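Data first, discussion second: the structure below is written as structure tokens.
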Amino acid sequence: MIALSKMVGGEVTVSERLTYKSREKIPVRLVEASKRPVPVTVWNTTARCNLRCVHCYAEAGSAKKGELTHEEAVAFIDDLADMKVPVLLLSGGEPLMREDIFELISYAKSKGLHVSLSTNGTLISEEVAEKLAKAGVDYVGVSLDGMPETNDRFRGLKGAFERAFEGLVNAKEAGILTGIRFTVTKYNLKDVPEVVNLLVENEIPRFCLYHLVPSGRADFSIDIAFAERRELMEWLFEKALELRDAREVTEILTVDNPADGVFFYLKLRELDESLAEDALQFLRYRGGDSSGYRIADVDMFGNVHPNQFWFDYTVGNIRERKFSEIWLNPTDELLIKLREKEKHIRGYRCGRCRFKSVCGGFRLRAMRNGDLWGDDPSCYLYEDEIGIA
């Protein structure tokens, strides 16, 4: 996750206050977290979903047998609390379709965990928003992938945008920190400015842009091109500066393309050398792909994956061994290599890039392109920028 608004503003963002309870430029807990493999943990609570999104990495829809029981979920939460993971992110499917979700949120909070909810938002009525607030959820991220017509086509349901945005507002009015998750593809690229402006107008605190990771129902065929990605990042950079100068509450973050951090750093160098160096220091702790190290996924059946898009590779199952044992004492070869990935990265671009230590590409995307340790096909930096021209 690249906190663009932090990079251009030099101030702690919503996400850092949520995760590290700090207003320092480089939170002490972030520095400590960078030295140990205690991950932000995504838990796909259920395969059930009321929508059928074209880019769903979990291929969610109908209920499936064998999902973790309430008792197993409680034991898992206990283990995460003992590990002191920074955030438990509840995803799906649609997590609000799990009957015990409010009870599990409340229990996780009682154990001292920070809890985020990743939802399509369509089920967040005023009553549900109040239940989430009462349970103590720290953050609600609603998936919106464009303005009404575009989003509804993505989500497979007419009226999905209206219901999702209403759910977002309901959560905000219940006093919950909120934001949206936008996965950019060639079909919704044009909608980015309108969606960001909509959030600013409604004082929604976060716009989180996800780069597409080919997984589940999504593949490279719906991704955007090199020039489009670079133009989009140019726009986001300028928008972040505009929001900073206007002191708007909405912050911009990008996810699943660590090249963004390098690009924003290079843009900052043109404006403010001191701010750029602060941003580079931040990237040393938070910039690269943390899959298999500081990000983990546990699916609805208890399988442990290097990240939430990597369902086709499992490093263990929490029904057989505790998550903490699987993660903190790894025996899986891939998990071990991901934690020392700089030693293994090759390729014409990634292998020779001068920013390899703070970026390194997104390894799963490279694998989908044919070589786990090769070039990330979504890097849009010029060769002279990464020092290989």
Item to check | Enumeration of residues in segment 105-136 that are open to solvent by 20 Å² or more (accessible area, probe 1.4 Å) and on the phi > 0 side of the Ramachandran plot | outcome: GLY112, GLY136
Checklist entry - Counting just the residues of segment 193-229 that are of a type in the set (D, E, K, R), more than 30 Å from GLU383 (Cβ to Cβ) and open to solvent by 40 Å² or more (accessible area, probe 1.4 Å), which one comes out modelled with the lowest pLDDT? => result ARG217
Next on the checklist: Yes or no: segment 276-290 includes at least one residue that is at pLDDT below 95, open to solvent by less than 10 Å² (accessible area, probe 1.4 Å) and more than 27 Å from VAL42 (Cα to Cα).
Outcome noted: yes
Checklist outcome for this item: Note on segment 83-93: residues surrounded by fewer than 24 Cβ atoms within 10 Å (Cβ to Cβ), in a loop (DSSP other than H, G, I, E, B) and in contact with a strand residue (DSSP E or B) (Cβ under 9 Å, 6 or more places away or on another chain) are VAL85, PRO86, VAL87
Item to check | Extreme residue, nearest to LEU364 (Cα to Cα), among residues of segment 59-82 that are assigned to a loop (DSSP other than H, G, I, E, B) and open to solvent by 10 Å² or more (accessible area, probe 1.4 Å) | outcome: GLU59
Checklist outcome for this item: (1) of a type in the set (Phe, Trp, Tyr); (2) closer than 25 Å to HIS55 by Cα; (3) surrounded by fewer than 18 Cβ atoms within 10 Å (Cβ to Cβ) all hold for PHE102 apart from (2)
Checklist entry - Just wondering, is there one or more residues in segment 327-336 that are under 20 Å from CYS359 (Cα atoms), more than 20 Å from the chain's Cα centre (by Cα), surrounded by fewer than 21 Cβ atoms within 10 Å (Cβ to Cβ) and modelled with pLDDT under 95? => result no
Next on the checklist: I'd like the residue in segment 138-185 that is of a type in the set (Lys, Arg) and either within 20 Å of the chain's Cα centre (by Cα) or closer than 21 Å to SER91 by Cα (or both) and, out of all such residues, is least open to solvent (accessible area, probe 1.4 Å).
Outcome noted: ARG155
Next on the checklist: Taking the criterion of being of a type in the set (Gly, Ala, Ser), touching a Cys at 6+ places or on another chain (Cβ under 6 Å) and open to solvent by less than 20 Å² (accessible area, probe 1.4 Å), would at least one residue in segment 356-371 satisfy it?
Outcome noted: yes
Checklist entry - Scanning for something at pLDDT below 95 and in contact with a His (Cβ under 8 Å, 6 or more places away or on another chain), does segment 128-140 turn up at least one residue? => result no
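The values are calculated or read from the model by the stated rules, or taken from the named source; none is laboratory data. What you see is a predicted model, and the numbers here were worked out from it, not measured in a lab. No Cβ is skipped: glycine too gets one built from the backbone with ideal geometry, and neighbour counts run over all protein chains shown. Ligands, DNA and RNA are excluded from the accessible area calculation, which covers all protein heavy atoms including side chains. Shrake-Rupley method; radii C 1.70, N 1.55, O 1.52, S 1.80 Å.
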